[in-house]
Amino acid sequence: MKTGLKAFCAALICAGAMPALADDAGPIRNRTISYATVTMHWSLYQTPDAKAECANGLNDYGPREVFKSYFGDGGGKSVVDTQLAREGFKYFPLDTEDSLPYNHASGKISNGINLDGKVNDGDFTNQDGEKGVDNNLYRVIGCARIYRGPDGAIFFFATKQVRDYTFNRTMIEITEVDSLGDDPDVTVTFYRGSDPLMQDASGAKVLPGGTQRPDMRFGKSLIRRTKGKIEGGMLRTDPIDSMHVPWEVFPPVPDYLIMRGAQFSLRLAPDRAEGVLAGYADVEKMYAHATTWSTHHFSYGQHDAPRFYRELNRMADGYPNKDGAMTAISSALQFNMIQVYIDHGESKTVLDKPGQGQSETRAARERE
């Protein structure tokens with residue numbers, strides 16, 4: 001009887017009478033596959049000894065050294081005129097200047113993508129061989145210990161908090177998918193999720209196949225939708241005018257980044273996706289995000305906040321304001337994602353066309 005039932009079911013599958021079962025057996029369901037972010041950090045090309053990218057060495061002048069350059073040992077001066085004044089520099093970084101050197105990352109290789117469609121002198125080549133890669137943020141932080149993995153404090157905590165805090169739960173949903181290998185026309189929607197990630201019994205490993213509900217209340221304004229294509233297993237999306245990426249690095253200070261002209265470049269697999277979200281990070285928002293860290297935390301990685309701000313402005317290369325000053329810096333966020341199923345429940349996404357949500361963001365900025 002069992003043999004006969006198996007043969008009957010096999011015959012139905014071969015005849016195409018049970019396509020739903022075949023589709024539902026894998027992660028692509030109804031031409032849709034989704035992924036949730038497990039770790040996220042600024043994407044840096046780095047070698048073990050840093051010699052290839054930091055010819056002049058890593059930056060050795062942090063908050064303590066900068067303090068000494070201004071106030072010496074502080075002897076004979078009040079706390080107001082030294083420690084408190086030094087702390088105030090973080091909030092008025094352009095009111096200060098020091099003569100200490102700041103080492104930029106160099107070389108010919110950087111993570112990221114070609115954002116402007118040009119190949120200029122000084123542009124990078126990424127590890128996939130793409131030329132014209134724009135990533136000036138890498139020049140600013142590539143030789144800063146605090147951003148280098150796996151031990152840099154911001155690298156470590158940024159990666160850990162993305163996994164641990166639901167506030168940071170971001171995910172993408174790829175629809176109209178015919179193949180994860182090659183598909184010339186897919187739609188990609190970015191959401192904030194509401195649920196913890198599914199982990200194994202030890203809590204050490206995040207497992208694919210979990211369920212996520214999109215945050216349609218507090219995360220509704222974060223939703224973005226764009227078009228994309230898959231070539232050789234690599235997803236590349238069209239630029240999104242302005243993305244707000246939630247990222248709580250220093251608890252309990254929830255915050256987000258603003259990425260302009262943002263594009264995903266992700267290598268897709270049935271159980272995971274890895275790659276970058278590249279674009280132009282808004283300088284003011286990035287600095288505000290960075291300064292949620294206290295000065296003594298920056299000391300762990302020899303990273304001085306006012307100097308960081310000045311370097312961000314010097315290297316900014318996108319989105320000029322009315323006076324011609326650049327307001328954003330080319331960059332790349334490294335995304336490591338796990339496959340999930342998105343449960344929309346009764347909610348309906350308000351975005352009906354690719355690109356919608358951008359005008360909503362501009363309106364929100366005007367209201368602010």
Breaking point among (1) among the small types (Gly, Ala, Ser); (2) at pLDDT 90 or above; (3) surrounded by 18 or more Cβ atoms within 10 Å (Cβ to Cβ), for ALA158: (2)
Restricting region 38-69 to residues that are aliphatic (A, V, I, L, M) and within 23 Å of the chain's Cα centre (by Cα), the residue that is nearest to GLY152 (Cα to Cα): LEU44
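Restricting region 182-195 to residues that are over 19 Å from the mean Cα position of the chain (by Cα) and under 26 Å from TYR256 (Cα atoms), which is modelled with the highest pLDDT?
Of region 182-195, the ones over 19 Å from the mean Cα position of the chain (by Cα) are 182-187, 195.
Still in the running and under 26 Å from TYR256 (Cα atoms): 187, 195.
Values: THR187: 98, ASP195: 95.
That would be THR187.
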Number of the exception - ALA316 against (1) under 19 Å from GLN161 (Cα atoms); (2) in contact with a helix residue (DSSP H, G or I) (Cβ under 7 Å, 6 or more places away or on another chain); (3) small (Gly, Ala, Ser): (1)
Close pairs (6 angstrom Cβ cut-off, 6 or more residues apart or separate chains): over 18 Å from SER110 (Cβ atoms) in region 261-276, surrounded by 22 or more Cβ atoms within 10 Å (Cβ to Cβ) and aromatic (Phe, Trp, Tyr) anywhere: ALA273/TYR35
Any hit, region 201-216, residues being at pLDDT below 95 and at positive phi: yes
Residue match in region 226-247 (condition: surrounded by fewer than 21 Cβ atoms within 10 Å (Cβ to Cβ), of a type in the set (Ser, Thr, Tyr) and in contact with a Lys or Arg (Cβ under 8 Å, 6 or more places away or on another chain)): no
LEU100 part of a helix (DSSP H, G or I) and either surrounded by 18 or more Cβ atoms within 10 Å (Cβ to Cβ) or of a type outside the set (Asp, Glu) (or both): no
Members of region 285-300 that are crowded, with 20+ Cβ neighbours inside 10 Å, in contact with an Asp or Glu (Cβ under 9 Å, 6 or more places away or on another chain) and not hydroxyl-bearing (Ser, Thr, Tyr): HIS289, PHE298
Some residue of region 79-92 being in contact with a strand residue (DSSP E or B) (Cβ under 6 Å, 6 or more places away or on another chain), assigned to a loop (DSSP other than H, G, I, E, B), without any contact (Cβ under 8 Å) to a residue 12 or more places away in the chain and on the phi < 0 side of the Ramachandran plot: no
Search result, residues across region 302-343 that are aromatic (Phe, Trp, Tyr) and either part of a strand (DSSP E or B) or touching a Lys or Arg at 6+ places or on another chain (Cβ under 9 Å) (or both): TYR309, TYR319, PHE335, TYR341
Listing of strands (runs of 3 or more DSSP E) fully contained in region 157-233 that carry 3 or more residues being not polar (S, T, N, Q): 170-175, 183-192, 224-231
Lone qualifier among GLY72, GLY57, GLY62 - being more than 30 Å from LYS229 (Cβ to Cβ) and without any contact (Cβ under 8 Å) to a residue 24 or more places away in the chain: GLY72
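The values are calculated or read from the model by the stated rules, or taken from the named source; none is laboratory data. Please read all numbers here as calculations on a predicted model, not as lab measurements. Every residue, glycine as well, gets a Cβ built from its backbone with ideal geometry; the counts of neighbours run over all protein chains shown.
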